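Asker: Have a look at the structure that comes next, please.
The values are calculated or read from the model by the stated rules, or taken from the named source; none is laboratory data. Predicted model only: the values in this text are computed from it and were never measured. Cβ coordinates were reconstructed from backbone atoms using ideal geometry, including for glycine residues, and neighbour counts include every protein chain displayed. These area figures cover heavy atoms from the full protein model, side chains too; ligands, DNA and RNA do not enter into them. Shrake-Rupley method; radii C 1.70, N 1.55, O 1.52, S 1.80 Å.
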Amino acid sequence: MNRDLAFGLLGAALAAGYYRLAASIPQSALADGVGPRGLPIAYAVVLLGLSLILIGRSVRTRNREPRTRNAEPGSQHPAVRVVGMLAIGAAYIALVPWLGYVVTVAGLLLAVTWYLSGVVTRTIVLVAASGAVVFWLLFVRLLGIPHPPGFWARLF
Amino acid sequence: MRVCRRTVVLWLVSALTVGCGAATTEPRRVVTLVTHSSPGGGSDVFLREMIPHLTRVIGGTFIVQNIQGGSGAKAMAAVAHARPEGALFYATTPTFIYTSLLSDPSARYTDLEPVVNLFFDPEVLYTAADSTFATLADVLAHARTGRGRWGAANPASLERQVMERLKQAAGVSPAITTFEGGGDMLINVLNHTLDMGVGELQEIRAQLDAGRLRLLGVVGDDRLPQFPDVPTVKEQGIDLAVRKFRGLAGPKGLPADVIAAWEAAIPKLLDDPAYRKLYTDNSLQPGFMPHAEYVTFMREFGAETEAFLKQSGVIQ
Amino acid sequence: MDPATLLAIVPAAFGGVIWGIVGGALPGISPSITMALLLPLTYGMDPTAAIVMLAGTYVGAEYGGSIPAILIRTPGTNAAAATVVDGYAMKEQGRAGEALGISLYSGFIGGLFGLGVVVLLAEPLSTVALAFTPQAYFALGVLGLSVIASLARESLLKGLMAGVLGLMIATIGTDPVTGLNRFTFGSAELLSGIPPLLVMVGLFAVGELLAQSGETGWGQTVAERARIRFPGPAVWRRIALPQAIGSVIGAFEGMMPGGGGAVSSFLAYNEARRWSRRKDEFGRGSPEGIAAPEAANNTVACTSLVPILGLGIPSSNSSAVLLGGFLLHGLIPGPMLFVSHSDVVTGLFAGLLAANIAMVAVGYVMLGPCIWLVSRPRPYLMAFIYALVVSGVYAIETSLFQVAVALAFGVVGYALRYFDVPLLPMVLGVILGFMVESNYRRALVLSGGDHLTFLQDPVSAGFLIVAALFLLGSAARHLSRASRRLHEGAAV
């Protein structure tokens, strides 16, 4: 299946799902002629139309046009690596309220560098730790953004 | 030293926000006033202007914390989950009632304890100075014969409610449009897209002083001291008055002495000549309400708003 | 002006600009957040110095946004989104120093032009804002959306789909007319919608991180001279026209409430391309593609003062914070300010001049280290970008939910890259969706449902005609290209 066809199918599915949600928006006595669901429904219809054209076009030209881009060798591999990268982000969100900003950012820096380079050297640990301090100075001290302090705040 | 303590408090407050329930070491020394408005927004400016006078009149250290997001939902949650020690209060406006009713926040206005009220923001009806409408009656007459066009600042707000109720009370059916904030609507009054707008006096002050706007009526119980010639809407035969409040609320279970301290302090603050000049210049009406009265007021305001939103189908 | 005031203003301008560049350059921290973070600190300052500092922050932030746009393909501000295309392309060719130089120089030109407009014409021009009815705003939004046609290079169809997806994202949140909640699933976090900056950081920065982590065998990064380079005489001449286009579009955009820098930089990019003699270079590292949007957004930073000073009405989130700054110091901006506090107004103008000069000086010093930073080994660089994203996005509403949303948009960005779908049309849809929908419905409420109202309003009609001409033109181009391809295919 080529990518245009896949994107067309995805677009059509999104349009259908969005249409269902849009159609379930309740009516209101304060509504105008167009109403809160007016434009969303129009967007869904337009997206569906465009998706169908894309699907039609990709089916029609599939045999004629050579594939412009070949999948990278070992196409399983990249997707797996991407999931790992996302997991690091998810772990950050889950841990930062408890471990606090500085520690979690250090962990994030360390994890990503390790994940992408495959090694943990003393330099990497050092860079992650000092990087976290720089981030803390920049965001919390200088800009005054109240990043979660974590359970450390309760110890003092 | 002050900077240090302030940072510590900010940290503690954010610890409370995430539900850790950290204990403050000096509960009464530093009082945090939480607002859902961003720095520079209405409530924020109000609090920051009040604090130096509050400190001078009743003592203590006060800081402002902006907890934005969710149209006040987050600020409400932070205050509702804080320990009732008198160290954290929320600056109330009708927004927190609207947000509670319109969405399903983790803490509602009913989860907070109203402490005292300080002010009312007078709501006024106005039109462009060079428009053909001299009085509210003219605008209503136009709405009866032609196509009336009225504006309110936000879609689900006290201002919208004023316009919808005015429409019902006068028995006319103008088009009512809403905008994102008062400035946007003001332009459409100035360029005659709208016959009439409604908003806080403070928002339109610059244009009013420049003589580009005309006041048509006060949507409150009394005339404004700054504009003794402008009649109330009630005087013009329409039974409509709203009170846009500004006060303080805290977590449930506040000790009686904390509430009593505020009840004693606020009248003193409002009588202070320097602060009186400031709030009069900012077109705020002093509207002190002690705790018991404020609780009843808030309950009634909430019930009235809920009835309006249900009647108009905005909520089920 | 007395020397004592001047002595207070110049450091304030420098301080504001430095703060602004830092905030603007951090992805997720918008100019308005940067200014809001500074606001409490200005409370104890002299009123004029405080206002100058805030205005300087705005100037710095609008410039700062282009730094990550060029260096890491992530716009630091909404208005820098259009700079991403050619800025990052130049960086990839090892011309980051030149790209940053062009951006800085164009921002300076735009800032000076905008300042000139404000100083000479603030009062009379404030009436421009009054010409903008809901009809006109709707038409402006449509004109902005028509830029999709030129942003979608290979595939107009996929570009349009991305644009519609963006419009759909913009419908999340409180309905602009009834106040009903749409697509919020009961979450208070979604009530005020998804901020465009969040979508951009997700699509660009996180999407890029994911895409790069999936790539096997990284090539060597292009050797980079860690120096900023100002354009030579040939480039100088070449970018003069795009700068003029950007400055004029930015000047108008700043004067109308609700316009904001983002729309103007996209329109400027589009117009610069249309009038360029080297159209084909756009999207592949054209200096003109940086000069036009960067001149535009820095002009906006100055001319957005027009509605504030002339009418007392803020034209964007950033100028709303500036308005707060005025109010905090007991000043009510508006027509009377020129009469009652003319010293503050003069001080502000002097401060803005100082801020624009400061921007060049500070920018020149800061860019070297920035280029050095992004030429570190790739694992470090990506780790730091990731940390920067999660820290910056948190600041939008101090919410971890928003961080999760940014990661989700990273996945969307990764998917769109995989399907060869252009990202900018989606960004444009998100930025303009609310403006288009709310003003469309507002205008129809006012006209009693009559669509002709969009043609009866002169400003609206003008915009719509320009948008229509532009769409027809690019549709014709796409069609002729497609038929040519078809013929070539048949010949083979």
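Asker: Just name the residue that is modelled with the lowest pLDDT out of those in segment C:150-165 that are of a type in the set (G, A, S) and either open to solvent by less than 10 Å² (accessible area, probe 1.4 Å) or in contact with a Phe, Trp or Tyr (Cβ under 6 Å, 6 or more places away or on another chain) (or both).
Answerer: Filtering segment C:150-165 for residues that are of a type in the set (G, A, S) and either open to solvent by less than 10 Å² (accessible area, probe 1.4 Å) or in contact with a Phe, Trp or Tyr (Cβ under 6 Å, 6 or more places away or on another chain) (or both), the one modelled with the lowest pLDDT comes out as C:A152.
Asker: Now a separate question. Checking the structure you have, find out if any residue of segment C:274-285 is open to solvent by 20 Å² or more (accessible area, probe 1.4 Å) and modelled with pLDDT of 90 or more.
Answerer: no
Asker: How do the pairs read when you match residues in segment C:374-385 that are hydroxyl-bearing (S, T, Y) with residues anywhere that are open to solvent by 20 Å² or more (accessible area, probe 1.4 Å), using Cβ under 7 Å and keeping only pairs 6 or more apart or on different chains?
Answerer: Going by the 7 Å Cβ cut-off, the qualifying pairs are C:S375/C:T221; C:S375/C:E224; C:S375/C:A226; C:Y380/A:V127.
Asker: Can I ask one more? Name the strands (runs of 3 or more DSSP E) wholly within segment B:1-119 that hold at least 2 residues that are at pLDDT 85 or above, within 13 Å of chain C (Cβ to nearest Cβ) and under 15 Å from the mean Cα position of the chain (by Cα)?
Answerer: In segment B:1-119, the matching strands (runs of 3 or more DSSP E) lie at B:30-35.
Asker: Pairs under 8 Å by beta carbon, first residue of a type in the set (S, T, N, Q) in segment C:351-363, partner open to solvent by 40 Å² or more (accessible area, probe 1.4 Å), six or more apart or different chains?
Answerer: That search, which allows pairs on different chains as well, returns C:N356/C:F108; C:N356/C:L112.
Asker: Just to be sure before I move on: is A:L126 more than 10 Å from chain C (Cβ to nearest Cβ) and either free of Cβ contacts under 8 Å to residues at least 12 places away in the same chain or open to solvent by less than 40 Å² (accessible area, probe 1.4 Å) (or both) in the structure I sent?
Answerer: yes
Asker: OK, next. Checking C:T5 against (1) touching a Ser or Thr at 6+ places or on another chain (Cβ under 7 Å); (2) buried (at least 21 other Cβ atoms within 10 Å of the Cβ): exactly one of these is not met. Which one?
Answerer: (2)
Asker: Any idea how many residues of segment B:185-217 are open to solvent by 20 Å² or more (accessible area, probe 1.4 Å), within 12 Å of chain C (Cβ to nearest Cβ) and charged (D, E, K, R)?
Answerer: 4
Asker: Considering A:L48, A:L52, A:L9, A:L14, which residue is assigned to a helix (DSSP H, G or I), open to solvent by 30 Å² or more (accessible area, probe 1.4 Å) and at the interface with chain C (Cβ under 8 Å from one of its Cβ atoms)?
Answerer: A:L14
Asker: Answer yes or no: is there a residue in segment C:66-83 that is part of a helix (DSSP H, G or I) and among the charged types (D, E, K, R).
Answerer: Scanning segment C:66-83 turns up no residue that is part of a helix (DSSP H, G or I) and among the charged types (D, E, K, R).
Asker: Looking only at segment A:19-30, which residues are modelled with pLDDT of 80 or more and either part of a loop (DSSP other than H, G, I, E, B) or surrounded by 12 or more Cβ atoms within 10 Å (Cβ to Cβ) (or both)?
Answerer: A:Y19, A:L21, A:A22, A:S24, A:I25, A:P26, listed by residue number.
Asker: What are the residues in segment A:65-91 that are at the interface with chain C (Cβ under 8 Å from one of its Cβ atoms) and either modelled with pLDDT of 50 or more or in contact with a Phe, Trp or Tyr (Cβ under 9 Å, 6 or more places away or on another chain) (or both), if any?
Answerer: A:E65, A:H77, A:P78, A:A79, A:R81, A:V82, A:G84, A:M85, A:L86, A:I88, A:G89, A:A90
For every residue, the table says whether it meets (1) surrounded by 17 or more Cβ atoms within 10 Å (Cβ to Cβ); (2) assigned to a helix (DSSP H, G or I); (3) modelled with pLDDT of 90 or more.
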residue: C:V445; (1), (2), (3): yes, yes, yes
residue: C:F470; (1), (2), (3): yes, yes, no
residue: C:S474; (1), (2), (3): yes, yes, no
residue: C:L486; (1), (2), (3): no, yes, no
residue: C:A490; (1), (2), (3): no, yes, no
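Asker: Another question about this same structure. Here are some conditions: (1) within 14 Å of chain B (Cβ to nearest Cβ); (2) in contact (Cβ under 8 Å) with a residue 60 or more places away in the chain; (3) surrounded by fewer than 21 Cβ atoms within 10 Å (Cβ to Cβ); (4) of a type outside the set (D, E, K, R). C:V177 meets all but one. Which one does it not meet?
Answerer: The single condition C:V177 does not satisfy is (3).
Asker: For C:A99, which of the numbered conditions (1) open to solvent by less than 30 Å² (accessible area, probe 1.4 Å); (2) assigned to a helix (DSSP H, G or I); (3) out of contact with any Lys or Arg (no Cβ under 7 Å at 6 or more places or on another chain) fails to hold?
Answerer: Of (1) open to solvent by less than 30 Å² (accessible area, probe 1.4 Å); (2) assigned to a helix (DSSP H, G or I); (3) out of contact with any Lys or Arg (no Cβ under 7 Å at 6 or more places or on another chain), only one is false for C:A99: (3).
Asker: So, in segment C:402-428, how many residues would count as being more than 9 Å from chain A (Cβ to nearest Cβ) and either over 22 Å from C:Y269 (Cα atoms) or assigned to a helix (DSSP H, G or I) (or both)?
Answerer: 12
Asker: Filter segment B:106-121 for residues that are open to solvent by less than 10 Å² (accessible area, probe 1.4 Å) and not small (G, A, S) and give the result.
Answerer: If the condition is that a residue be open to solvent by less than 10 Å² (accessible area, probe 1.4 Å) and not small (G, A, S), then B:L112, B:V115, B:V116, B:N117, B:L118, B:F119, B:D121 are the ones that fit.
Asker: In segment A:137-156, which residues are open to solvent by 60 Å² or more (accessible area, probe 1.4 Å) and part of a helix (DSSP H, G or I)?
Answerer: If the condition is that a residue be open to solvent by 60 Å² or more (accessible area, probe 1.4 Å) and part of a helix (DSSP H, G or I), then A:L137, A:R141, A:L142, A:W152, A:R154, A:L155 are the ones that fit.
Asker: All but one of (1) open to solvent by 10 Å² or more (accessible area, probe 1.4 Å); (2) more than 14 Å from chain B (Cβ to nearest Cβ) hold for C:L210; which doesn't?
Answerer: Evaluating C:L210 over (1) open to solvent by 10 Å² or more (accessible area, probe 1.4 Å); (2) more than 14 Å from chain B (Cβ to nearest Cβ) leaves (1) as the failure.
Asker: Go through segment B:151-173 and give me each residue that's facing chain C (nearest Cβ under 10 Å) and open to solvent by less than 40 Å² (accessible area, probe 1.4 Å).
Answerer: Within segment B:151-173, B:G151, B:P155, B:A156, B:S157, B:R160 meet the criteria.
Asker: Can I ask one more? For the structure I just gave you, tell me whether C:L145 is open to solvent by 10 Å² or more (accessible area, probe 1.4 Å) and either among the hydrophobic types (A, V, I, L, M, F, W, C) or in a helix (DSSP H, G or I) (or both).
Answerer: yes
Asker: If you don't mind, there's one more thing I want to ask. Looking only at segment C:435-463, filter to residues that are in contact with a Phe, Trp or Tyr (Cβ under 6 Å, 6 or more places away or on another chain) and among the hydroxyl-bearing types (S, T, Y); which one of those is nearest to the other protein chains (Cβ to nearest Cβ)?
Answerer: The selected residue is C:Y440.
Asker: Among residues belonging to segment C:102-142 that are small (G, A, S) and more than 25 Å from C:A461 (Cα to Cα), point out the one that is surrounded by the fewest Cβ atoms within 10 Å (Cβ to Cβ).
Answerer: Top of the filtered list is C:G116.
Asker: Based on this model, can you work out whether B:Y275 counts as within 14 Å of chain C (Cβ to nearest Cβ), surrounded by 16 or more Cβ atoms within 10 Å (Cβ to Cβ) and either outside any helix (DSSP H, G or I) or touching a helix residue (DSSP H, G or I) at 6+ places or on another chain (Cβ under 7 Å) (or both)?
Answerer: Yes.
Asker: Now a separate question. Might you check whether a residue that is more than 7 Å from every other protein chain (Cβ to nearest Cβ), in contact (Cβ under 8 Å) with a residue 12 or more places away in the chain, in a helix (DSSP H, G or I) and not aliphatic (A, V, I, L, M) occurs anywhere in segment A:108-118?
Answerer: So far as segment A:108-118 goes, yes, one or more of its residues are more than 7 Å from every other protein chain (Cβ to nearest Cβ), in contact (Cβ under 8 Å) with a residue 12 or more places away in the chain, in a helix (DSSP H, G or I) and not aliphatic (A, V, I, L, M).
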